[in-house]
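Some notes on the structure that comes next.
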Amino acid sequence: MQLAAKVSRRAHGVEYAIRDVMVKAEELRRRGKKILSLNIGDPVKYGFDTPAHVKRALEKAVASGVNYYSPSEGMKELREAVAEKENRVNGAHITPENIVITTGISEAILFLMGAVVDSGDEVLLPGPCYPPYMAYVKFFEGKAVAYRTIEERGWAPDLSDLESKITSRTRLIAIVNPNNPCGSVYSQSELRKILDVAAAHDIPVAADEIYDRIVFDDGAFTSAASLAKDVPLIGLNGFSKAHLMTGWRLGYLYLQDPDGRLAQVWDGIQRLSRVRISASTPVQLAGVEALRGPQDHIRDMVEKLRKRRDYSLRRISEIPALSASEPRGAFYLFPKIECIGTKWKSDEEFVTELLRDTGVLVVHGSGFDPTYGKDHFRAVFLPDETMLGEAFDAIEDFMKRHL
């Protein structure tokens with residue numbers, strides 16, 4: 001008798017709401033239903049093309065034979081370019097030796113949690129939060145603890161709630177700024193207070209800033225690295241969003257730790273990077289060009305997104321039982337569904353019925369945190385106004401028919 005293979009406990013518990021909802025959408029697509037996808041934060045899917053000079057750099061690297069393994073920590077030239085960018089643009093104080101290149105920011109999160117979390121350890125995450133943070137903490141048998149963010153204040157962090165949730169098992173405080181899924185941008189004052197709490201409790205900070213250059217108010221974004229003088233900090237960033245290289249899978253971590261308190265953690269991150277060999281070598285050379293070449297496309301993209309944000313907010317405000325805080329960065333809306341508990345049992349049920357009825361695909365808010373994300377959904381405002389209009393028309397009709 002052949003025994004059935006058993007899935008590991010770790011893998012069985014992994015969830016990723018943003019892509020999990022696509023399974024239901026694909027079933028409907030196969031049956032001939034038109035799907036209006038507002039679920040994936042991929043600007044390239046919506047007409048924002050990778051800059052030509054970055055494409056040429058990749059073509060040149062491949063054609064010239066740069067197709068071999070690179071050092072596990074990343075090519076020196078790219079690490080130098082990352083250090084230049086972070087120090088110049090975000091006020092960090094790092095050297096190329098304190099940078100590890102990853103295959104996208106998701107791998108950076110995996111390396112970070114793999115180096116920090118043991119069984120029973122706790123990581124403080126903003127609620128709601130980008131799902132891989134919760135997934136990887138859980139995968140390494142830790143506990144993801146969400147600190148509240150306040151919707152009425154544009155999803156600003158609740159500092160008293162954050163501090164109240166620190167325990168003897170807290171190993172890391174994470175900041176996602178600008179935030180996915182809410183689009184909030186933390187003020188300097190809020191960041192300083194988080195860093196002060198971290199310093200008081202001797203806890204390191206991780207700052208995910210992949211949307212650092214997609215901000216709608218000039219001067220609104222401040223990098224935590226520029227303020228973290230006495231707090232050891234690990235920064236996470238990548239090329240998918242601002243540089244429109246989503247499918248190229250290129251990201252990085254950096255360490256800002258002048259007193260060397262995270263030396264063992266950094267050694268663990270480097271060990272994990274060696275196990276997976278290296279990030280794509282030709283793509284890394286294209287990453288150098290992305291950082292050092294023309295940046296004009298970012299300004300143009302942000303201007304388009306600002307108009308699409310404003311249009312989306314106006315449309316949401318006109319739909320019964322939906323409301324949304326204004327996103328100040330990234331490209332997500334996180335509307336509240338006012339009638340959960342009466343018309344629908346949960347936000348996941350709402351999203352599923354909306355998809356089946358209209359073909360509009362969004363992500364249930366509880367997938368970003370079961371407490372602080374529930375009764376919401378996340379939608380991107382990346383499409384042009386024609387597609388956004390079609391989607392919002394369908395949502396408006398759906399709500400009117402069900403209320």
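The values are calculated or read from the model by the stated rules, or taken from the named source; none is laboratory data. If you're wondering where the values come from, they're calculated on a predicted model, not measured in any experiment. Ideal geometry is used to build each Cβ from the backbone, glycine not excepted, and the neighbour counts take in all protein chains shown.
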Counted residues in the stretch 135-186 being buried (at least 16 other Cβ atoms within 10 Å of the Cβ) and hydroxyl-bearing (Ser, Thr, Tyr) come to 6
For the stretch 338-385, which residues satisfy the criterion of being assigned to a helix (DSSP H, G or I) and within 25 Å of the chain's Cα centre (by Cα)? 347, 348, 349, 350, 351, 352, 354, 355, 365, 366, 367, 385
Only one of (1) in contact with a helix residue (DSSP H, G or I) (Cβ under 8 Å, 6 or more places away or on another chain); (2) part of a loop (DSSP other than H, G, I, E, B) fails for residue 229. Which number is that? (1)
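Among the residues that make up the stretch 345-366, is at least one of them over 26 Å from residue 27 (Cβ atoms) and surrounded by fewer than 19 Cβ atoms within 10 Å (Cβ to Cβ)? Reasoning before the result, please.
Restricting attention to the stretch 345-366, the residues satisfying the condition of being over 26 Å from residue 27 (Cβ atoms) are none.
Checking the stretch 345-366: not a single residue is over 26 Å from residue 27 (Cβ atoms) and surrounded by fewer than 19 Cβ atoms within 10 Å (Cβ to Cβ).
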Tell me which of these residue 53 doesn't satisfy, since it passes every other one: (1) assigned to a helix (DSSP H, G or I); (2) in contact (Cβ under 8 Å) with a residue 12 or more places away in the chain; (3) surrounded by 15 or more Cβ atoms within 10 Å (Cβ to Cβ); (4) not polar (S, T, N, Q). (3)
For residue 265: the one exception among (1) part of a helix (DSSP H, G or I); (2) free of Cβ contacts under 8 Å to residues at least 40 places away in the same chain; (3) hydrophobic (A, V, I, L, M, F, W, C): (2)
Restricting attention to the stretch 271-306, the residues that are touching a helix residue (DSSP H, G or I) at 6+ places or on another chain (Cβ under 9 Å) and either more than 30 Å from residue 390 (Cα to Cα) or free of Cβ contacts under 8 Å to residues at least 40 places away in the same chain (or both) number exactly 21
Would you mind stating whether residue 325 is of a type outside the set (D, E, K, R), surrounded by fewer than 24 Cβ atoms within 10 Å (Cβ to Cβ), touching a helix residue (DSSP H, G or I) at 6+ places or on another chain (Cβ under 7 Å) and not in a helix (DSSP H, G or I)? yes
Out of the residues in the stretch 135-175 meeting the condition of being free of Cβ contacts under 8 Å to residues at least 12 places away in the same chain and among the small types (Gly, Ala, Ser), tell me which one is farthest from residue 262 (Cα to Cα). 160
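I'm checking my understanding of the structure. Among residues of the stretch 221-240 that are touching a Pro at 6+ places or on another chain (Cβ under 9 Å) and in contact (Cβ under 8 Å) with a residue 12 or more places away in the chain, which one is farthest from residue 284 (Cα to Cα)?
Taking the candidates together, the pick is 230.
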Cβ-Cβ under 6 Å, sequence separation 6+ or interchain: first residue in the stretch 336-351 and farther than 16 Å from residue 39 by Cα and charged (D, E, K, R), partner at pLDDT below 95 and in a helix (DSSP H, G or I). Which pairs? 343/402
